[in-house]
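Accompanying notes for the structure given below.
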Amino acid sequence: MKSAQENLLIVSKLYQSLLQKRARNIKLTIAEWQLLQLVADGNDTQQALAISTNLDISTLSRQLSRLKTKGYLIKEIVRTEEKIYTRPASHYRVSEEGEEILKKMDFDFDQFNQQIFEHWSEEEVNLLTILLNRLSKRIEQIENNK
């Protein structure tokens with residue numbers, strides 16, 4: 001019998017792989033999907049997105065550019081009185097095409113998760129959620145104490 005740690009690694013790799021395939025089918029990466037979702041949720045500046053994603057600005061900028069090139073994001077330059085002599089602020093919003101692709105990915109993600117848990121009871125799903133939340137919090141604590 002495999003240990004919990006071994007099973008976590010196996011499940012993580014399989015889940016990631018299957019999710020990547022689904023994202024690729026609609027011309028997205030997982031990172032782009034997550035970024036698109038963050039913008040849709042109101043994180044509309046690079047600063048807010050950098051905080052939410054924990055990415056450095058150059059990586060984030062490349063990902064935003066790819067989404068803009070694909071037509072999923074619209075970048076708007078905002079000039080305010082404070083920004084007259086400095087670089088103007090950029091705000092992002094999801095385009096209509098981006099909203100459609102986001103709906104497709106969200107639907108596919110929901111279907112995927114329904115397939116995974118179709119034979120699980122509600123109690124089993126709740127227990128897994130509790131245990132994964134506990135594990136996640138502990139790992140975050142360890143990471144923050146470095």
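None of the figures in this text is laboratory data; all of them are computed from the coordinates on show. Small disclaimer: the values here were computed from a predicted structure and weren't measured. Note that we place each Cβ from the backbone using ideal geometry, even for glycine, and neighbour counts take in every protein chain shown.
Taking every full run of DSSP H in the chain, the ones that stretch at least 20 Å from end to end by Cα along their long axis and average -1.0 or higher on the Kyte-Doolittle scale are 4-25, 96-117, 122-144. The three principal axes of the Cα atoms in the range 17-119 give end-to-end lengths of 60, 26, 19 Å, sorted in falling order.
Considering helices alone, the calculated mean residue ellipticity of the chain at 222 nm is -22500 deg cm²/dmol, with DSSP H runs of length four and up weighted by -39500 (n - 2.57) and normalised per residue. For K27, K2, the sequence from fewest to most other C-beta atoms within 10 Å is K2, K27. May I ask which residue of S17, L102, L131 lies farthest towards the positive end of the charge dipole of the chain, with charges of +1 (Lys, Arg) and -1 (Asp, Glu) on Cβ and the Cα centre as origin? Value: S17. Among the lysines, select those whose C-alpha is under 29 Å from the C-alpha of K21, and discard any that sit fewer than 8 residues away in the same chain. Within reach: K2, K13, K68, K70, K75, K103, K104, K137.
Could you give the size of the charge dipole of the chain about its Cα centre, using +1 on the Cβ of each K and R and -1 on the Cβ of each D and E, expressed in debye and rounded to the nearest 20?
Numbers: 21 positive and 21 negative charges, 152 e Å.
Using Cβ point charges on Lys, Arg, Asp and Glu, the chain gives about 740 debye.
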